Each structure stands twice: as C-alpha cells, then as structure tokens.
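A short write-up of the structure that comes next.
The values are calculated or read from the model by the stated rules, or taken from the named source; none is laboratory data. Keep in mind it's a predicted model, so treat the numbers as computed, not measured. Glycine also receives a Cβ, built like all others from the backbone with ideal geometry; neighbour counts cover every protein chain displayed.
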Amino acid sequence: MDASPAARQPIVGMVGAGQLARMTHQAAIALGQSLRVLAADPADPAALVCPDVHPGTPSDLPALRAFARGCSAVTFDHEQVPQENLRALVDAGVRVHPGPDALLHAQDKLVMRRRLAGLGLAGPAFTEVREPGDVAGFAAEHGWPVVLKAARGGYDGRGVWLLRNADEAQLVTELLAAGTPLLVEEAVSMRRELAALVARSPFGQAAAWPVVETVQEDGQCVQVLAPAPGLDPDVAAGAQEMALRIAAELGVTGLLAVELFERTDGVLVVNELAMRPHNSGHWTIEGSRTSQFEQHLRAVLDYPLGATAPTAHAVVMANVLGAARSPVMSMDERVHHLFARFPDVKVHLYGKAERPARKVGHVTVLGDDMAAVRARAALAAAWLSTAEWPDGWSPHSGSREQEVQRA
C-alpha cells in the first residue's frame, strides 16, 4: 500500500482550467489536497500551475471518465458540461458536486426561472420565446424595453440583449433561426446589482458571506464592494436567507452565487444563479476568514465549513481588464510600479494573454473607509490594465519612501 502523503490526501477534480480553477488550486495547496483539472488547452490558467492536468473537454465522455477516475469528488469552474455526461458519471458512482439536477438550474435560465417562481421567490416577469411574436406580445403586456436572453450558454453579459422597441426585436428571428433557445424578461428598474454567496455541504451544513454590491460596466463586473454599502441589515439578512433556501431547495453542494437586482423600490429580485466559485467572491481570498475557493473544496469533500467573517470593515475587489491598446510596459513592470505606490494592494494575475476587455486578473484592497478603499482599488486596477494612472500620479515626483508615505 502506498503510504505517501499524496496517497493519503483526497483528489478533487475540477472540470475546466480557467482562473477559477487556478485559484482553487492555490486553496487546495494550503489544505494539503490535490486538485486535478480537465483542461481544453495546455495554456489554460490552471493548467499552467497544476501538476495534475488531464487534457480534454467536458463534451468528451471517455476523457471525462478517465479524468474522474480516482477523484474523491468532481466539481466545475464553469457550467458548460453536458447533462448526459454528468449523469453518466453519477451512474458510475462518481461524487459530482453540484449534482446534475442542481446544476441544471445554473445551465438553463428558463428552468431556473420556472423553479424559482414555483418557490415564490421574487423575479422579473418572463416567458419562453418560441417565435418572434412572443416578444411583441410580452412587450405589449409589460412594456418596452425588454431583456432577451439565451436560455443556455450565456455568461459575463454574453447572450443578453436589451430590446428597446419592435424594430430591435428583429434580432429574435435571427437567433431562433440559429437554434438559440430564448426567453424574454421585463427590464427591471434597479438601483444596483448585489450578490449573495453561500456554500452548502452534502451533509447539509451551510454558510453565508456578507451580501456584496457588484458594479457592472458594459455587462461585465468591474468591482465588488464588500459588504454592500448602505444595505439595510434586515434586507441583507433576507438575501442571505433566500440564497440559503435556494441552495437547500435545489440540492446544491458547493458554492452558490445568487445574483440580485435591488429595485428602485428596495425589493430584491433574483437575476441569475452560479454554482461554482464566482467573480463576486474573489474578495474573500484576503477579505474573509475562509475564501470561497477553500470553502468550495471543504463543501465538495463534506468537510466542516469555515468561518466567513470579514477581515476588514471594507473590502473592494477590482477586475483587471485588458486595455483597448497595448500598454507600454510589461505586466511585470506594471506590478513593480503598483507596489511602489500601493504596497498593501493584493494582486492576482491569471496567466492569460491580454486582449481588450478580457479579465486577466484582479486586485483587492482592505481598509476601514469604503470610499477610500474603492478609490485605491480603482486606481490599482486601471494602472495594471493600461500602465496609466487615472489621477496623473507620477513615480518621478519623489523617492519610493516618500511615494509610499504619500499613498
């Protein structure tokens, strides 16, 4: 019998090898676990750092079976895994978290909408779109604009279209002809977007982090503010309870992110669900006693869950996005200058090639005052994206020690 430490520790298999898998690998190291990733490309972010990489895609069942062999649990860094392949793994005795019945609600927005409506949870009015006239009929009842969504496959603003009038609804004909399953929703008059992140184990233990505000630009998250500024404590508690209820009702194991709209009347409505580590939870790496990545591993292995208390009064995560034009400095040079100005900023880079609007990393800033923390995070992320300081700051204005003191 192999008595080596590696043989005694569980192996968690993660389908997908993006930045979420990369950060999960970092958490696995601290827990003494091993993470195995299924990578479609050897240049995927997690494939660059994990020692246990299996080439393949989730649509290739033989590759998926080989990947799962020997894993204590199989989980995901994205939802795009065929249901029939998930069920084949479960039938073969593989522990899949979340299971296919739960994951379906993150894969198919129409299934999700119908289930949440059946649970009596607040959400926008919606209907399935089978023909172009369905959108016009829906708009006649609920008014323009309306939100058209691909029922499956969309993420980060992709697969979502705001239709302002009947002329713009001509897009529906093209999408249906291409075989895209669609639904249409009423446009929510909202104050801001929020997210409630929770975890649940197979045993049924659950934990919740503070509700956060997610700041969106062009359909993509650019900042996460933790906790959500100015959110009534009772409303925040209600959002956490709702997320925990959804996790229990759907049988989620692992992480669940519930994306929410705060309407102008203060009511929270569910936008979408994700059953994996989520962009809205990156702040937890430094900002919580237990990060979302460690918690996800604990949950899928049915370990007792970790504490979710924040480590600071205010935490801001800002995504580093590829710039419209190539920066004049390498990323390494940019990191060097960033640390000279802001030595307390935490940087996470994903090992991805830079291209416009692509998430290539994030920064996290902690402190006592949300406005000040947010300003520092915005400056840091902008600098790493463009090699330009939005406030015009120059490193040549004094010594490094003076720069740090002024910062």
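Miscellaneous remarks
- Count of residues meeting criterion [in a helix (DSSP H, G or I) and surrounded by 20 or more Cβ atoms within 10 Å (Cβ to Cβ)] in the range 108-128: 4
- Residue, surrounded by the most Cβ atoms within 10 Å (Cβ to Cβ), within the range 189-216, restricted to residues that are of a type in the set (D, E, K, R) and over 17 Å from the mean Cα position of the chain (by Cα): 192
- Per-region count, the range 129-182, residues surrounded by 14 or more Cβ atoms within 10 Å (Cβ to Cβ) and assigned to a strand (DSSP E or B): 11
- Which listed residue is under 28 Å from residue 152 (Cα atoms), assigned to a strand (DSSP E or B) and not β-branched (Val, Ile, Thr), from 25, 54, 105: 54
- Residue 74 being surrounded by 14 or more Cβ atoms within 10 Å (Cβ to Cβ) and touching a His at 6+ places or on another chain (Cβ under 9 Å): yes
- Helices (runs of 4 or more DSSP H) completely within the range 209-324 that count 3 or more residues being touching a Ser or Thr at 6+ places or on another chain (Cβ under 7 Å) and modelled with pLDDT of 95 or more: 284-287, 292-300
- Remark: residue 69 falls outside the filter, which requires a residue to be of a type in the set (Lys, Arg), farther than 25 Å from residue 354 by Cβ, under 23 Å from the mean Cα position of the chain (by Cα) and at pLDDT 95 or above.
- Restricting 16, 70 to those that are out of contact with any helix residue (DSSP H, G or I) (no Cβ under 8 Å at 6 or more places or on another chain), more than 30 Å from residue 360 (Cβ to Cβ) and not charged (D, E, K, R) reduces the list to 70.
- Residue in the range 75-94 that is assigned to a strand (DSSP E or B) and in the same structural domain as residue 46 (by TED's automatic domain parsing) present: yes
- Some residue of the range 149-163 being among the acidic types (Asp, Glu) and over 21 Å from residue 259 (Cβ atoms): no
- Considering the range 295-320, and only residues there that are surrounded by fewer than 24 Cβ atoms within 10 Å (Cβ to Cβ) and among the aliphatic types (A, V, I, L, M), the residue that is nearest to residue 214 (Cα to Cα) turns out to be 314.
- Within the range 317-339, being under 18 Å from residue 355 (Cβ atoms), among the aliphatic types (A, V, I, L, M) and under 24 Å from the mean Cα position of the chain (by Cα) holds for 320, 321, 323, 324, 331.
- Residues that are charged (D, E, K, R) and touching a strand residue (DSSP E or B) at 6+ places or on another chain (Cβ under 8 Å) within the range 100-139 comprise 108, 109, 113, 128, 134, listed in sequence order.
- For the range 333-381, filtering for residues that are of a type outside the set (Val, Ile, Thr), surrounded by 19 or more Cβ atoms within 10 Å (Cβ to Cβ) and more than 16 Å from residue 279 (Cβ to Cβ) leaves 11.
- Contact annotation: no residue pair with Cβ atoms under 7 Å, 6 or more positions apart or on different chains, pairs a residue in the range 369-395 that is in the same structural domain as residue 323 (by TED's automatic domain parsing) and modelled with pLDDT of 95 or more with a partner that is of a type in the set (S, T, N, Q) and exposed (fewer than 14 other Cβ atoms within 10 Å of the Cβ).
- Of all residues in the range 39-50, those that are among the charged types (D, E, K, R) have Cβ atoms under 6 Å from Cβ atoms of residues that are surrounded by 15 or more Cβ atoms within 10 Å (Cβ to Cβ) and assigned to a loop (DSSP other than H, G, I, E, B), 6 or more apart or on another chain, in 44/17.
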